[in-house]
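Working notes for the structure below.
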Amino acid sequence: MNKKAALILEIVWLVVAIASLTAGIHKTTKHGFSESYLFFIMALVAILVYSFRRHLRIRRKLEDDKKDSNSEK
């Protein structure tokens, strides 16, 4: 996967997390936690996926930078 697509997917997961959290808070205030807990679970999953993808992107960038610096020598 190219770098731009990976960054876009990372941003999409962040947006999903924020939207799920916002929907969960709204639904909790209107109907109670028993009807909104799935939104919070989805927000948690989206945050975990976002964090994982971000970690992978940063690690790959560092590896690419290391390869580039080694090839210049």
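The values are calculated or read from the model by the stated rules, or taken from the named source; none is laboratory data. Every value quoted in this text rests on a predicted model; they were computed, and no experiment measured them. Note that each Cβ is placed from the backbone with ideal geometry, even for glycine, and that neighbours are counted across all protein chains shown.
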Subset of segment 16-66 [on the phi < 0 side of the Ramachandran plot and among the small types (Gly, Ala, Ser)]: ALA17, ALA19, SER20, ALA23, GLY24, SER34, SER36, ALA43, ALA46, SER51
Search result, residues across segment 36-73 that are aliphatic (A, V, I, L, M) and either in contact with a Cys (Cβ under 8 Å, 6 or more places away or on another chain) or modelled with pLDDT under 95 (or both): LEU56, ILE58, LEU62
Of all residues in segment 44-62, count the ones that are among the hydrophobic types (A, V, I, L, M, F, W, C) and either surrounded by 15 or more Cβ atoms within 10 Å (Cβ to Cβ) or under 15 Å from ILE11 (Cβ atoms) (or both). 6
Test set (1) polar (S, T, N, Q); (2) touching a residue at least 24 places away in the same chain (Cβ under 8 Å); (3) surrounded by fewer than 12 Cβ atoms within 10 Å (Cβ to Cβ) - ASN2 fails condition number: (2)
Do you know which of the residues in segment 15-37 that are touching a Ser or Thr at 6+ places or on another chain (Cβ under 6 Å) and not in a loop (DSSP other than H, G, I, E, B) is nearest to LEU48 (Cα to Cα)? GLY24
